[in-house]
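Bear in mind these aren't lab numbers, they're just calculated from the coordinates by the rules spelled out. Quick caveat, the model's predicted, so the values are computed rather than measured. Note: ideal-geometry Cβ built from the backbone for every residue, glycine included; neighbour counts use all protein chains shown.
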Amino acid sequence: MKDNKPTNEKLNQLEDHMTSNQDEKLTTNQGLKINNNQDSLKAGDRGPTLLEDFILREKITHFDHERIPERVVHARGSGAHGVFKLTKSLAEYTRAGFLSEVGKETPVFVRFSTVAGNRGSTDLARDVRGFAVKFYTDEGNYDLVANNIPVFFIQDAIKFPDLVHAVKPEPHNEIPQAQSAHDTFWDFISLMPESTHMIMWLMSDRSIPRSYRMMEGFGVHSFKLINDEGKAHFVKFHFKPKLGVHSVAWDEAQRISGVDPDFHKRDLWESIENGVFPEWDFGVQLIPEEDEFKYDFDLLDPTKLVPEEEVPVQLVGTLTLNKNPENFFAETEQIAFHPGHIVPGIDFTNDPLLQGRLFSYTDTQLIRLGGPNFHEIPINKSVNVVHNNQRDGFMRQQIPKGKVSYEPNSIGGGCPYQAMMKEGGFVSQEARVSGTKVRERSESFVDHYSQAKLFYNSQSAPEKMHLQNALIFELSKVTIPAIRERMVSQLAFVDKDLASKVAAKVGVDVKELDFPNQSIPADADPSALQSEEREP
Ligand code: HEM
């Protein structure tokens, strides 16, 4: 068994915030030792209770305020500390220190999650899994806020609230989709051809992992790596589990859910407690910037992956999780990931889903974590000290000294950013931008089926059967026939046999449907589908 007491710079920093109540005398929050917190202060043996009782008031008040909002998505999760070790330098492609120096170790905190369920939901739901990694680099926090599926449902962030409203419990009765009707989710999906590729993954065994330790992680979007000369490469990020990718079958998932809804949480916790540390290879697919238009899909389209046969994944590091949190709330619940937390040498692309995400995370965390200073919560603090002229706000912890908090200034103090630039601070990649302001989708995003077909055809016979059965199970719960029909029509663009098999089991008469000719690339006009008559 390995030593279960790892240490790193981040863990040392957290240590400063830790307390132990073991054998300590009880105090109030003001540090006052008290003789009794089990009986309230009363006027006479039988009351009434006195308003004066500050011990009662403090204990109850704090309890009354224990809950914070759960995440609007990815509410249920489990996290762990660990380390990222670079095994192959990417210095040729990026200035990022943690990706340049072979052997360099960077502390990380990783949070795995389901997406749709609330904090108390089962681990075994058929769902996408979050795989969010915070690298505490010495150049600042870098967050790779990834999922276990390499593509996404939608191409534009403006649809995200619709997607989530369709998948979450219905607003009138708050009954989760998984247990009752599936109308809203499949209504939305059947009207959203761009989600077809993602739906193939979601209906496959990939969406019911055997363990968090046995699933892949994907950055989904194309990002950019920028080297010292300012040269850029598109990059797709990958985590590949050393244990391989494993799933459970749907009937197993349902049984496990009944017996142990915390199956994945427990598995992760126990494996780390037992010194069986989960490990992943970290890899990149690199594409020179000048090859941007070499592919028959758009690198900016998050519903597409870059086939590994065309651009192999280069393994460059190892991610190991080796320590459970000391406190679930303080660490796993309060951690705030953000795809916009980047370091020099990494940059964004114009993927319209990514661009919207860059707004969403801080915005939601401002309310979830109670104001603008949540970066000072111990789990969120970078290991390098933060210096800037921001001031005040709820729950400010840092005590900046001096009278100047602005720049430029001639008095001295503050944080002169000029010095930073000379020292090689973050600079956005220079890029020429021109075009007409439009609220439209790029033509290059229009093929919604080729990669869905590729994925379906890549499945073995038993995997195909699982996928078919998943669709049959799901669509048989849809109470509105027109939604089932529309969904079967969508499936026909992927595979006619799949569509027929599903249709036969969910009461859709295929003769009534005008199945598309599969030899035609299925870039059907989505607006045609959306204008179909909808059920009342
Ligand atoms: C969590 C928004 C797409 C991965 C969240 C949260 C929001 C959000 C608001 C909750 C954050 C918090 O409370 O701390 C969005 C929007 C998206 C989008 C607007 C699209 C426009 C994606 C995609 C991925 C992803 C494509 C994967 C590549 C995650 C993960 C978490 C998360 C892993 C959980 C982080 C954690 O463990 O705390 N997202 N998301 N999201 N999102 Fe997204």
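Data for the structure
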{"item": "Dipole magnitude (debye, nearest 20) for the chain, charges at Cβ of Lys, Arg, Asp, Glu", "result": "1060 debye"}
{"item": "Prolate/oblate/rounded label for the chain (Cα gyration tensor, a/c 1.5)", "result": "oblate"}
{"item": "FRET E, pair E15, H387, Förster distance 25 Å, beta-carbon r, rounded to 0.05", "result": "0.65"}
{"item": "Translational diffusion of segment 176-286, µm² s⁻¹ [Kirkwood Rh, Cα pairs; Stokes-Einstein; 20 °C; 1.002 mPa s]", "result": "126 µm²/s"}
{"item": "Scaled radius of gyration (Cα, divided by 2.2 N^0.38 Å) that segment 323-401 gives", "result": "1.23"}
{"item": "Using alpha-carbon coordinates, inclination of helix 352-368 to the longest axis of the chain, degrees", "result": "30 degrees"}
{"item": "C-alpha long axis of helix 461-476 to longest principal axis of the chain, angle in °", "result": "80 degrees"}
{"item": "Amide proton proximity set for R210, modelled H, under 5 Å, gap of 5+", "result": "H246, S247, V248"}
{"item": "Cβ-derived FRET efficiency at R0 51 Å, K242 paired with A482, nearest 0.05", "result": "0.65"}
{"item": "Positive dipole terminus of the chain, leading residue within Q468, G283, G371 (C-beta point charges)", "result": "G371"}
{"item": "Cβ-based exposure ranking for T436, T27, T362, in which fewest neighbours within 10 Å come first", "result": "T436, T27, T362"}
{"item": "Estimated [θ] at 222 nm from DSSP helical runs (n ≥ 4, -39500 (n - 2.57)) normalised by residues in the chain, nearest 500", "result": "-7500 deg cm²/dmol"}
{"item": "Rounded, prolate or oblate (a/c below 1.5 giving rounded, otherwise prolate when a/b exceeds b/c) for segment 460-502 by Cα gyration tensor", "result": "oblate"}
{"item": "Calculated diffusion of segment 121-204, Stokes-Einstein form, Kirkwood radius summed over Cα pairs, 37 °C and 0.692 mPa s, µm²/s", "result": "223 µm²/s"}
{"item": "Inter-probe distance in nm under a simple model that places probes 7 Å from Cα toward Cβ, at A330 and D509", "result": "6.6 nm"}
{"item": "Cβ-Cβ FRET estimate between Q254 and Q397, R0 fixed at 41 Å, reported to 0.05", "result": "0.35"}
{"item": "Cα centroid of segment 364-440 to Cα centroid of segment 442-468, whole Å", "result": "43 Å"}
{"item": "Size-normalised alpha-carbon gyration radius of segment 12-55, reference 2.2 N^0.38 Å", "result": "1.68"}
{"item": "Filtered GluC sites (Glu not before Pro), segment 1-104: DSSP coil and at most 16 other beta carbons within 10 Å", "result": "E24, E52, E66, E70, E92, E101"}
{"item": "Segment 312-416: trypsin sites (Lys or Arg not before Pro) falling in loop per DSSP and having at most 13 other Cβ within 10 Å", "result": "R391, K401, K403"}
{"item": "For segment 1-75, the spread of Cα positions along each principal axis, largest first, Å", "result": "59, 37, 25"}
{"item": "DSSP-loop chymotrypsin sites (Phe, Trp or Tyr not before Pro) across segment 376-480, with at most 14 other Cβ within 10 angstrom", "result": "F394, Y406"}
{"item": "Segment 118-167: C-alpha gyration tensor shape, a/c 1.5 cut-off, then a/b vs b/c", "result": "oblate"}
{"item": "For T114, T28, order by how many other beta-carbon atoms lie within 10 Å, fewest first", "result": "T28, T114"}
